[in-house]
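The values are calculated or read from the model by the stated rules, or taken from the named source; none is laboratory data. Bear in mind that the values here come from a model prediction, so they are computed numbers and not experimental data. Every residue, glycine among them, receives a Cβ derived from its backbone with ideal geometry; neighbour counts consider all protein chains shown. Heads up: the accessible areas ignore ligands, DNA and RNA and are worked out on the full protein's heavy atoms, side chains in. Shrake-Rupley method; radii C 1.70, N 1.55, O 1.52, S 1.80 Å.
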Amino acid sequence: MTQHRRSHAQRIGLFAAPLAIGALVLSGCSGNSGSSTSDSQSFSLSYAVSTGVESPFETLAKAYMAATPGVTITLNAVPNDSFSQTTSTQFQAGNGSDVIESQPGSGAGQGIITLAKAGFLEPLDDSATALIPSGNENLFQIDGKTYGQALSISFVGNILNQTAATAAGITSFPTDFDGVLADCKTVAASGGKSMFVLAGAAGPNTGALASSIAATRVYAEDPKWNDERTAGTTTFAGTQGWKDSLQAIVDMKDAGCFQGGAEGAGFDAITNGITTGTSLTMFGPSGAAADLARAAAGNTYVVEAFPPATSSDKAFGLASANYSLSLNAASKSKDAAKKFLEWMAQPAQSKQFADAQGSLPVTGLDDLDLTGTNYEPVADIFKNDAYVAFPNTGWPNSSVYDALGTGVQGLLTGQTTVDGVLASMDTAWDQ
């Protein structure tokens, strides 16, 4: 994907799956609490863990230490569902890691712009600036200074256990919403299975569900919707596409699309459901497909976009440079940390990180052939530039996404309404 093509996707900003906000958390362990080190040859790296297998950050850190004798990187792995809070607490306490995983924009707790404005991040060098997707400078920079280094391109939508789906009689992913509801009823009728698995008690996952649906109902029709909301010319509550997106979730619940007890489920429900085949599909970032394939040998996982409302509507999705690294302004090992970031910016390491993560490299995507890969179902979406980035990175604060995530849970329990959720998002936006 060229810089020109990538700019099309960035009309609404980037998503960083979050991915503490949208990432699948299969399992994880926390390392030592982050703290800056005074050893000029060594530094610490803090990142969110998404599976029990080796993290791409750990893989690259080990490769760097092997290539750079005398350097020691202290790895601080933090469970994804607590990463934002942990990062914020450590920065406030002055003991954050030297290098941290961050997210472009300001829509998440570890958003680059949010942390940089608070004075927690150190400006990076030209090698990081060169990786900023065209038109996205405002998500990585303040006053021309770069505070985050993009790492890879992720697609956020559905991960399908193709092996389990075939066994359940689902030979192809639905192409419209009627097909979704029909397949949900078919799978539910087979007994003990669900078409989708959802961590309903985890705001990042319910937010990913709603955002994936909104890609086709809101942003496919109006890619500049975030800009219009910023200008005050539209609202969540006043946008039919947002109403349709949340109503679709209610319709899915009523059709038995989600596993039993989804409204109270945590991320472990995704682990169990999608790897055992009791659920066929999850919502989250594309890198989860590779993680799942490693965790559940014998199953094939592919990346899919959530279907549009009707078969006459075009397929549309969410894709962007969702992962980044930033440098702690309080670090005592800035020179050593910057050398690592410069090394990470090189094409070979960019590809190695993307391969390890199961995502796509931040540079050179146009030269990749997705045929035969787990990205093949969304290859035409990339080819046709039929995508925007994850919505919340272009939102003014993390409270808007929090309101969406908790609001979806309320829809699942019947404790709130579509209009109520959208009103709460508008309130959070304007606070």
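Odds and ends about this structure:
- Under 19 Å from residue 253, Cα to Cα: lysines that are on another chain or at least 8 residues apart: 185, 193, 243
- Summarised in one figure, the compactness ratio Rg/Rh of region 306-431, Cα atoms and Kirkwood Rh, is 1.07.
- Working from Cα pairs under 8 Å separated by at least six residues, relative contact order for region 292-431 is 24 percent.
- Over the C-alpha trace of region 199-262, radius of gyration and Dmax come out as 13.2, 41 angstrom.
- Residue with peak Gaussian network fluctuation, the chain [Cα springs, cutoff 10 Å], from 71, 378, 49: 71
- The angle between the Cα long axis of helix 334-344 and the longest principal axis of the Cα atoms of the chain comes to about 50 degrees, rounded to the nearest 10.
- Distance between modelled label sites at residue 300 and residue 417, nm, 7 Å Cα→Cβ extension: 4.7 nm
- Long-range amide H partners of residue 387 with built H, under 5 Å: 317
- Label zone at residue 380 (point 7 Å along Cα-to-Cβ), backbone N below 19 Å, region 166-189: 171-180
- The coefficient of translational diffusion for region 196-310, derived via Stokes-Einstein from the alpha carbon Kirkwood radius under 10 °C and 1.306 mPa s, stands at 104 µm²/s.
- Residue-by-residue Karplus 3J(HN,Hα) for region 415-431, coefficients 6.51, -1.76, 1.60, Hz, glycine and proline x: 8, 8, 10, 4, 5, x, 5, 5, 5, 5, 5, 5, 5, 5, 4, 8, 6
- Other residues within the sphere of radius under 14 Å centred on the Cβ of residue 102, judged by their own Cβ, net out at -2 (K and R +1, D and E -1).
- With each label modelled as a point 7 angstrom along the Cα→C-beta vector, the residue 332-residue 224 pair spans 5.1 nm.
- Comparing 198, 325, 411 in a Gaussian network model of the chain (Cα springs below 10 Å), the most mobile by mean-square fluctuation is 411.
- Listed residues 383, 185, 332, most fluctuating in the chain (Gaussian network, C-alpha, under 10 Å): 383
- Taking only Cα atoms of region 61-215, radius of gyration then Dmax in Å: 20.8, 60
- Taking θ as phi - 60° and the Karplus parameters 6.51, -1.76 and 1.60, the scalar couplings of region 65-74 work out to 5, 5, 8, 10, x, x, 8, 10, 10, 7 Hz in sequence order, x denoting glycine and proline.
- Across the chain, C-alpha contacts under 8 Å between residues 6 or more apart give a mean separation that, scaled by the residue count, equals a relative contact order of 30 percent.
- Each principal axis of the Cα cloud of region 370-411 was taken in turn, and the coordinate range along them, longest first, works out to 39, 22, 13 Å.
- The relative contact order of region 108-173, computed from alpha carbon pairs under 8 Å that lie at least 6 residues apart in sequence, is 30 percent.
- Each listed q (0.13, 0.22 Å⁻¹) maps to a log10 I(q)/I(0) for region 37-111, found by the Debye formula over equal Cα scatterers with no solvent: -0.42, -1.05.
- The label-point distance for residue 92 and residue 235, in a model that sets each label 7 Å from Cα toward Cβ, rounds to 3.1 nm.
- Cut-off under 5 Å, modelled amide H: who pairs with residue 102 long-range: 324, 325, 326
- For the chain, the longest site-free run once GluC sites (Glu not before Pro) in DSSP loop states with at most 13 other Cβ atoms within 10 Å are removed: 222-431
- Among beta bridges that DSSP assigns inside the chain, antiparallel share in %, nearest 5: 60 percent
- Cα centroid of region 377-431 to Cα centroid of region 235-270, whole Å: 11 Å
- Centroid-to-centroid separation of region 122-191 and region 83-109 [C-alpha atoms, Å]: 22 Å
- Calculated diffusion of the chain, Stokes-Einstein form, Kirkwood radius summed over Cα pairs, 4 °C and 1.567 mPa s, µm²/s: 61 µm²/s
- Fraction of accessible area attributable to carbon and sulfur, the chain (%, probe 1.4 Å): 48 percent
- Quarter of the Cα convex hull surface for region 147-191, i.e. its orientation-mean projected area (nm²): 5.1 nm²
- Think of a 1.4 Å ball rolled over the protein heavy atoms: the chain then has 36 Å² of accessible area per residue.
- An ellipsoid equivalent to region 125-249, defined through the eigenvalues of its Cα gyration tensor, has semi-axes of 35, 21, 12 Å when rounded to whole angstrom and sorted largest first.
- With θ taken as phi - 60° and the Karplus curve 6.51 cos²θ - 1.76 cosθ + 1.60 applied, the whole-hertz 3J(HN,Hα) list for region 150-165 is 5, 10, 6, 10, 10, 9, 10, x, 10, 10, 9, 7, 5, 5, 5, 5 Hz, x standing for glycine and proline.
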